[in-house]
Amino acid sequence: MTDDTIALHRTESATPAASAAAPPTDRGELRRVVVASSLGAIFESYDLVLYGPLAAIIAAQFFSGLDPAYAYIFTLLSAAITYLVRPFGGLVFGRLGDLIGRKHTFLITIVVMGVSTFAIGLLPSYAAIGVASPALLMAFRVLQGLAFGGEFGGAVTYIAEHSPAGRRGLTTSAVATTMACGLVLAILVVLACGFLLGQEAFESWGWRIPFLLSAMLMLISVYIRLRLHESPLFLEMKRTGQTSKAPVREAFGRWRYLRVSILVLFGAIAGQSIATATGAYPIYMLMLNLKIDPFLLHYTILGYSVLLVGFMILAGWLSDRVGRKPVVLLGFLGTTLAAYPVFQAVTHYANPDLEQAVADSPITVITDSAECSRQFDPIGLAQFRTSCDVARRAVAKVGLPYTDRDGEPGTPGRVDIGSTSIVALDGRTLDDAAFKEQAKTFDSQVSAALAEAGYPLRADPTKTNVPVLIGLLAFLNFFVALASAPLAAWVIEMFPTRIRNTAISLLYNIGGWFGGFLPAIAFASFTATGNLYAGLWYSATILALSFLIGAVFLPETRGRALETIE
């Protein structure tokens, strides 16, 4: 065994009995610590869930200047951008947490998160102020990402440093559990607003109310956090002069801790991030592709989210009994194996008419691949006018699965729907007005052929089996809970107090990139291939990699005393 391996495992021999010197916190104080620290997680999940059932509304409000197919992608990217900037927030606020204290740092982060979420509810639409609307939306999403970048690491570190070793898995899992509570809260608010206002008013202006109500969460959280005391381990470290003067350089500039960081990132955090995103992605698929009734979608999310809260508590408790590592690795493996069959079953029980139409009259896009573009236009100015582009674009717009097949070189692209063939136009020689008019005619021909072949515009609510959908998503998210709930305790127990906040904050948020971009990657993969499940190759690859690295290189840490880690 190498010296570095010894360093990674050196405190593994600590048993619960040996590390019984718990931080001097009574149960009442510990409950206040857990509640106050976990409220930030509600913001994240509350906001992310709003981006699920409200994705179509957000696309229409802020990205109406783009083609509908790209409006959805940009809506998903506006959710993913928070993951992109989180490591920078982790770097700033994690460092502050190790220098000035945990409490003051996450008071700042909760205020920034709350103000940004509230501000989104006040933003004018694209129709009102043009491109400034999506630009401001992205700006507030960036602020949310920066704040949450420091929020999670500070919250779980603060809880862990107040908790006895024998309960640390359960107490730190409260952050993941309250994220599940945020799902429930978001859906209840959306359902209530939709019920009281009606669908038309809700889509017009009522969608703002859930964002505006987040101000209440912020005020409650700030009030509770102001009453808390600083972490006892941080105070002791500060009293004895053991704080790090350069926590970033120490955490990532010394090979001893850098090696641990790399293994934790790829063997634990990346897998957890992907598992969480995989468990949530059916929300987007149910709405954008399967087109189920919005209220049935809300009931589905509400049902499985309530069960997810229980799964999170169970997984945290279980990690204190059998260990962090086996619980998390079982979550990775279970998510990998369950995802594909669950996604297929979701299609069947959400929109059986669509499944039947695909079987009876499959859609095939036949094109000369040499004419095909990637069709990704970040600024909305590119022109996609070949017959291949027009054919693919027409099918992708309606969100239906199709098969892509190479045609003879030089032949125009076409869309086959069962026995009906529709030849796509080549718009490269047309002016803008003529191209727009002929493309509209082609889209209408495709829509008419789809209707004749039995493709439904919307899922029939009487045929959507909500109880089975809840069961399927709950089954998948049971493994997500195993992968998520014990993760904070597992990672915290691998780093010393003086650099813990910095290391956790930066690593967790870099790992968030893996899962944060899954919805956009999966939707883009679908538009490129026609396969609803094309994005799952990405999930399976990352989960398998994390499982192998975690199993081979990461230690079990249950029972470690945080003050003994060096």
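Can you tell me the 0 to 90 degree angle between the C-alpha axis of helix 102-120 and the longest principal axis of the chain, rounded to 10?
So the helix axis and the longest Cα principal axis differ by about 20 degrees.
Please give the helix 27-50 orientation as an angle from the longest Cα principal axis of the chain, in degrees from 0 to 90, rounded to the nearest 10.
Helix 27-50 and the main axis of the chain meet at about 20 degrees.
What does the extension gain come out to for residue 430 and residue 262, with contour length at 0.36 nm per residue minus their alpha carbon separation?
My answer for the length gained is 55.1 nm.
Using only Cα atoms and rounding to the nearest 10 degrees, what angle (0 to 90) does helix 68-99 make with the longest principal axis of the chain?
10 degrees
Label 7 Å along Cα→Cβ of residue 528; the range 401-430 residues with amide nitrogen under 18 Å?
401-406
Sort the range 387-512 into rounded, prolate or oblate with this rule: let a ≥ b ≥ c be the square roots of the eigenvalues of the Cα gyration tensor; rounded if a/c is under 1.5, and if a/c is not under 1.5, prolate when a/b is larger than b/c, oblate otherwise.
It is prolate, given that a/c is not under 1.5 and a/b is the larger ratio.
Give the peptides 409-418, 316-325 in descending order of average Cβ contacts within 10 Å, highest first.
Peptide ranking by packing, descending: 316-325, 409-418.
What list do you get for 104, 348, 162 if you sort them by fewest beta carbons within 10 Å?
104, 348, 162
Lysine pairs in the chain with Cα distance under 17 Å, only those 8 or more apart or on different chains: how many are there?
5
Mind putting a number on the dipole of the range 356-452 about its Cα centre? Charges go on the C-beta only, +1 for Lys and Arg and -1 for Asp and Glu, and I need it in Debye to the nearest 20.
Value, rounded to 20: 200 debye.
Exposure proxy check: 470, 262 ranked by fewest other beta carbons within 10 Å?
If I rank by nearby Cβ atoms, fewest first, I get 262, 470.
Please give me the summed charge of the neighbours of residue 331: other residues whose Cβ is under 12 Å from its Cβ, Lys and Arg +1, Asp and Glu -1.
Its environment carries a net charge of +2.
Would you mind getting me the FRET efficiency between residue 192 and residue 408? Use the beta-carbon distance for r and R0 = 51 Å, nearest 0.05.
0.35
How would you classify the range 127-222 from its alpha-carbon gyration tensor, with a ≥ b ≥ c the square roots of the eigenvalues: rounded for a/c under 1.5, else prolate if a/b is greater than b/c, otherwise oblate?
Taking the square roots of the gyration eigenvalues as a ≥ b ≥ c, the range 127-222 is oblate.
For the pair residue 131 and residue 441, what calculated FRET efficiency results from E = 1/(1 + (r/R0)^6), where r is the Cβ-Cβ distance and R0 = 41 Å, to the nearest 0.05?
Computed FRET efficiency for residue 441 and residue 131 comes out at 0.90.
Could you tell me the calculated FRET efficiency between residue 249 and residue 556, based on Cβ-Cβ distance and R0 = 35 angstrom, to the nearest 0.05?
0.75
Residue separation times 0.36 nm, minus the C-alpha to C-alpha distance between residue 356 and residue 64: what's the value?
101.9 nm
For the chain, which cysteines have no disulfide-compatible partner, meaning no other cysteine Cβ under 4.7 Å?
When partners are defined as cysteine Cβ atoms under 4.7 Å apart, the chain leaves 181, 193 without one.
If each residue's Cβ is checked for other Cβ atoms within 10 Å, how do 195, 517 rank with the fewest at the top?
195, 517
Quickly estimate the mean residue ellipticity at 222 nm for the chain, helices only: each DSSP H run with n ≥ 4 gives -39500 (n - 2.57), and the total goes over all residues, rounded to 500.
Theoretical 222 nm ellipticity from helices: -22500 deg cm²/dmol.
The numbers here are math on the coordinates, done by the rules we state, and not lab data. Predicted model only: the values in this text are computed from it and were never measured. All Cβ positions, even for glycine, are placed from backbone atoms using ideal geometry, and neighbour counts span all protein chains on display.
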